Structures are given as structure tokens and as C-alpha cells.
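Read through the structure below, which is laid out as C-alpha cells, and then see the notes.
The values are calculated or read from the model by the stated rules, or taken from the named source; none is laboratory data. What you see is a predicted model; the values in this text were computed from it and never measured. We place every Cβ from the backbone using ideal geometry, glycine too, and count neighbours over all the protein chains shown. Remember, those area values only see protein heavy atoms, side chains included, never the ligands or the DNA or RNA. Shrake-Rupley method; radii C 1.70, N 1.55, O 1.52, S 1.80 Å.
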Amino acid sequence: MLGMIKNSLFGSVETWPWQVLSKGGKEDVSFEERTCEGGRFATVEVTDKPVDEALREAMPKVMKYVGGTNDKGIGMGMTVPISFAVFPGDDGSLQKKLKVWFRIPNQFQSNPPVPTDDSIKIEERESITVYSLQFGGYAKEADYVAHAAQLRTALEGTASCRSDVYFCTGYDPPMKPYGRRNEVWLVKA
């Protein structure tokens, strides 16, 4: 636990590499189209729980792994944003399933430490192109759903996105009280 806190407060922070392809907007919704680099990710999947509850279970596991609860006992530093995949139903509400994706810092991409928690998997992911909408505050499930709906509406008739999954992202540690950055990423189809 101490390693997780130390890493969160004093560890290095690396930004997940991406390239902005274009910027757009419609009415009061501004968004970016980005290509996000692939690589190796630490993942945790939680099912049969609402998104907010599933995050409270998954995030500490990822943070402990990054903070040194791994076979090498080393803190790796942070990569932001931390993203999690959510799976909308036909009505836009989210299914009781999510998958946290933490991009392993570049220094450890070729040989990431092995997790000591069996629920954490190291997975390779290809690059993805997304449409991103940024917003502030302490985001909850309802915020992500609302902003995803706003972004889908803004993209209607101009872009095609996957309807079975999207990503919710956060850039800030929980103890940051203001100036928080969250995003919703709709995956380009």
C-alpha cells in the first residue's frame, strides 16, 4: 500500500502517446480525433457489478501493481490517462462489466514486471483511433454516459463509431480536488 501511495504522489507521470488528427465541434461540444499508440497494458476485468463499484474494485489492484506489487517489487511510475472500457446496452445504459486498461510505462514496455495478483493480466493492444470529449470533476458512471451521448450526437452524420464499447478515462489521482480531467473516447469504426 505504501508503494502505491508513494508512486501515486511522487512517481513519474508519463502520458500515453497519441497524435491529434483533427479537432471538431457541434453546438457546445468540442472534441478531438486521435490515434492512440498501442503497446502492453495491465488489465483488470470486473463483471456483475455496476461501473462505479467495479472501478472501486479494479483500480486499487492496478495501482498496487504499478506501485510495486509485482515480481520485481518495483514502482513503475504512472501513465495517464488510465482508461476503462465500458459496454453500453441498446438503451445507452452500461452493462455490469468493465475492463481497466493501464498502459505500461515506456521503460517497461519490452519486459513488464509480472503481476503477483492473478486478476491482473498483461495484454498487447493495437493502436486505436478515437473521438475524445473532455470534461472535469469527479466523474461517475452517469457523467460518462451523459458525455458519451453528447459526443455521439455531435458526431452524427460525420463519423462512424463502435456502439458495443467505449472508453472512459481519468488523468488525475483521487486526492486532486479541482482542475480534474476526464474524457470519453468513442472508438472509430
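Details
- Test: residue in region 103-124 that is aromatic (Phe, Trp, Tyr) and open to solvent by less than 20 Å² (accessible area, probe 1.4 Å): no
- Residue match in region 149-158 (condition: farther than 24 Å from Gln95 by Cα, at pLDDT below 95 and either in contact with a strand residue (DSSP E or B) (Cβ under 9 Å, 6 or more places away or on another chain) or among the polar types (S, T, N, Q) (or both)): yes
- Scanning region 10-26 for residues that are at pLDDT below 90 and open to solvent by 90 Å² or more (accessible area, probe 1.4 Å) returns Phe10, Val13.
- Residues that are in a loop (DSSP other than H, G, I, E, B) and of a type in the set (D, E, K, R) were ranked within region 126-141; the one that is surrounded by the fewest Cβ atoms within 10 Å (Cβ to Cβ) is Glu126.
- Looking across region 71-83 at every residue that is in contact with a Lys or Arg (Cβ under 9 Å, 6 or more places away or on another chain) and open to solvent by 10 Å² or more (accessible area, probe 1.4 Å), the one that is nearest to Pro17 (Cα to Cα) is identified as Val80.
- Candidate set from region 33-57 (those that are open to solvent by less than 50 Å² (accessible area, probe 1.4 Å), part of a helix (DSSP H, G or I) and free of Cβ contacts under 8 Å to residues at least 60 places away in the same chain); member that is farthest from Ser22 (Cα to Cα): Ala54
- So Leu155, is it buried (at least 19 other Cβ atoms within 10 Å of the Cβ), more than 15 Å from the chain's Cα centre (by Cα) and over 26 Å from Gly67 (Cα atoms): yes
- Tally of residues being part of a loop (DSSP other than H, G, I, E, B) and within 14 Å of the chain's Cα centre (by Cα) across region 168-185: 4
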